[in-house]
Amino acid sequence: MTITVPHQAAERYALLAVDGVEYAVDASWVRRSLPAPSPLPAAVQHGGMAYQLVDLRQLFGLPAGSAAPPRAVSGPGPERLILLIGQPPAAAGAAASGAAAPGGAASGAVAPGPAADGAVAVHRLALVIDDLLGLEALAAGAAVPLPGVYRGPERRWFHGVLPRTDGRITVLLRPEGLAPAAAPPPEPEALATAAAPSPGGTVC
Amino acid sequence: MLSRRDRGREGRQAPRPGLLAFVIGGRARALSLGLVAGVAEIGPVTRVPAADPGNLGLIVHRGAVLPLVDLGRRLDGGADAADGAVAADDAVAAVEGRPPAFCIITRSRQAIAFPVEAILGLQALPALPANGDAAASPWEILDPLIVDLARDQDPAH
């Protein structure tokens, strides 16, 4: 008897760090990265478009300085980065037709370029981050929603979390929820509710 | 050889462990074993930003993502123990000031983990007085809090 394991499509994500936590954003949203100027402006101009600045440390209520150790001793200094993200045209079109993909982001790579301006709100943000960790294919289908004890604005910021094989957890950003006046995520939760964990363990 | 019924009678005569006792906030607390899925060392904690400071982050336990919840904060706001809390004994005093190394994982549809400063071990259910006064227990029993927490985070609730 053969057991077929469902294939989990891997999508490319940009991995970034804020306060020692690893976050991922759908790579189709990413336009470019650049050093964060000081002081931070209210918006960043790129390709004739204005990207609203969102300092993730500030948004998440984290201290301005990092208590977490740098990712690499020989890596970049205390300078932070700006990641320009914009809603990919495919996602904007799907949203306009009322058939947005789960999570609001289209699958697959979308060529960088000006986001489509239409009847729907187009999200263009300049995220201030601590570090850009790379680009990686993630099996986002294995992600799970935030546990129910998380009831605050964090439900707007994150699609869910992805447990990795090495034991770490990557938090999946919900780009359209990061703008200051972002709408709450659609109900039901974008990610399918995972089966309840059945943790084991040995009782002492 | 005892029949199954006889063995049951034997078992009822001796006190059977029904609680897992532990220390939170320098106080002895306990949880019914039926609500305990396990005890684990606290590994890496992913500090997911949250409005509620009682949400300490997420841990991975046997492949499942669990929220790590600060029960001490929910019990008494992280300050001195609430009315009715149990006075610290020697075992409790010995662990005060140490960072939690273990967490208890609840057995519920939506499991949670909460850190404890020490595990005191399995205990027999206390013999309550006829009026059912739970304050007579040597530990503060957290069953109602855990049941409420599990219900609160159940998406069907």
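If the requirement is being modelled with pLDDT of 95 or more and away from chain B (no Cβ under 14 Å), which of these qualifies: A:40, A:53?
Details: A:40 fails: modelled with pLDDT of 95 or more.
Of A:40, A:53, the one residue that is modelled with pLDDT of 95 or more and away from chain B (no Cβ under 14 Å) is A:53.
Applying the selection to region A:127-153, what residues are within 13 Å of another protein chain (Cβ to nearest Cβ) and in contact (Cβ under 8 Å) with a residue 40 or more places away in the chain? Steps first, answer last, please.
To start, the set of residues in region A:127-153 that are within 13 Å of another protein chain (Cβ to nearest Cβ) comprises A:142-153.
Of everything in region A:127-153, those that are within 13 Å of another protein chain (Cβ to nearest Cβ) and in contact (Cβ under 8 Å) with a residue 40 or more places away in the chain turn out to be A:142, A:143, A:144, A:145.
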Check your understanding: Which of (1) under 18 Å from residue A:171 (Cβ atoms); (2) modelled with pLDDT under 95 does residue A:27 not meet, given it meets every other one?
Key -> (2)
Review point. Residue B:51: surrounded by 12 or more Cβ atoms within 10 Å (Cβ to Cβ), within 16 Å of the chain's Cα centre (by Cα) and at pLDDT 70 or above, yes or no?
Key: no
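Would you check if there is a residue in region A:73-83 being modelled with pLDDT of 50 or more, acidic (Asp, Glu) and surrounded by 12 or more Cβ atoms within 10 Å (Cβ to Cβ)?
Keep residues of region A:73-83 that are modelled with pLDDT of 50 or more, which gives A:78-83.
If we keep only those that are acidic (Asp, Glu) too, we end up with A:79.
In the following step, the residues that additionally are surrounded by 12 or more Cβ atoms within 10 Å (Cβ to Cβ) were identified as none.
No, every residue in region A:73-83 fails to be modelled with pLDDT of 50 or more, acidic (Asp, Glu) and surrounded by 12 or more Cβ atoms within 10 Å (Cβ to Cβ).
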Check your understanding: In region B:32-59, which residues are facing another protein chain (nearest Cβ under 7 Å) and in contact with a helix residue (DSSP H, G or I) (Cβ under 7 Å, 6 or more places away or on another chain)?
Key -> B:48, B:49, B:50, B:51
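Per-residue answers, yes or no, for (1) at pLDDT 95 or above; (2) more than 10 Å from every other protein chain (Cβ to nearest Cβ):
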residue: A:115; (1), (2): no, yes
residue: A:122; (1), (2): no, yes
residue: A:125; (1), (2): yes, yes
residue: A:162; (1), (2): yes, no
residue: A:165; (1), (2): no, no
residue: A:168; (1), (2): no, no
residue: A:190; (1), (2): no, yes
residue: A:204; (1), (2): no, no
Review point. Scanning for something crowded, with 17+ Cβ neighbours inside 10 Å, free of Cβ contacts under 8 Å to residues at least 60 places away in the same chain and not in a strand (DSSP E or B), does region A:40-55 turn up at least one residue?
Key: no
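The values are calculated or read from the model by the stated rules, or taken from the named source; none is laboratory data. Being a predicted model, the structure only gives us computed values, none of them experimental. Methodologically, a virtual Cβ is constructed for each residue, glycine included, from the backbone with ideal geometry; neighbour enumeration extends over all protein chains shown.
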